[in-house]
Amino acid sequence: MIASRHIWLRAERQSSVPNYSRSSKAKLNQCHPDLQLVFAVVIQSWDNTILTGHRGKEEQTKKFLNGESKVQWPNSKHNSTPSMAVDASPWPIPKKWGKGNRNEYEKFRYFAFYVIGVADTLYQAGEISHVLRWGGDWDMDKDVTDQKFNDLIHFELRKPT
Ligand SMILES: [Zn+2]
């Protein structure tokens, strides 16, 4: 068995380790196994909540119409089965971060950097076959200042180019 799974299984036996709620687990189970593994490792070190796994047609249409999503059904990575995208927030969910509260806003970024690091490590170890694209850096150039649309809770799988 490969080292990262050892770490994950060892951590699962420690009672102080954060664990996903039933609701988070159900949403994560709708996602591709690569996303499941990334977040199974992340939860060992950083408490977080899974907000969305798969998203159906009605919900996607609603999100598109209110501007929360830029794409229509079935073009979101959340619309496939299994879902190729997951929305996750650090727990507790940062409050009033949209109202100019920079410190709360930064909690999303700090968490996302960690998630990307875990995914990169798993990819380098050959444990997952996709790379992770984050909604805070759509073009994956590691520059967060050239964004037109931030979706800081959004993580999706991509085939490496
Ligand atoms: Zn999303």
The extension gain from Val71 to Glu106, computed as 0.36 nm times the residue separation minus the Cα-Cα distance, is 10.0 nm
Rounded to the nearest 10, the angle in degrees between the Cα long axis of helix 33-45 and the longest principal axis of the Cα atoms of the chain comes to 70 degrees
Using all C-alpha to C-alpha distances in region 3-158, build P(r) with 5 Å bins and read off the rounded percent in each one. 2, 9, 17, 22, 22, 16, 7, 3, 1
If one compares the long axis through the Cα atoms of helix 102-124 with the longest principal axis of the Cα atoms of the chain, the angle in degrees, nearest 10, works out at 50 degrees
By how many degrees, between 0 and 90 and to the nearest 10, does the Cα long axis of helix 3-12 differ from the longest principal axis of the chain? 90 degrees
For region 71-161, which trypsin sites (Lys or Arg not before Pro) are in a loop by DSSP, counting at most 12 other Cβ atoms within 10 Å? Lys95, Lys96, Lys99, Lys142, Lys148
Region 57-161: GluC sites (Glu not before Pro) in DSSP coil with no more than 10 other Cβ atoms inside 10 Å: Glu68
Mean residue ellipticity (222 nm) of the chain, computed from DSSP H runs ≥ 4 via -39,500 (n - 2.57), nearest 500: -12000 deg cm²/dmol
With the dipole of the chain worked out from charges on the C-beta (+1 for Lys and Arg, -1 for Asp and Glu) around the Cα centre, which of His130, Pro94, Thr145 lies farthest toward the positive end? Pro94
Region 3-158 - charge dipole about Cα centre, Lys and Arg +1 at Cβ, Asp and Glu -1, debye rounded to 20: 500 debye
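Every number here is computed from the coordinates shown, using simple stated rules; none is lab data. As the structure is a prediction and not an experimental result, all values here were calculated from the model. Methodologically, a virtual Cβ is constructed for each residue, glycine included, from the backbone with ideal geometry; neighbour enumeration extends over all protein chains shown.
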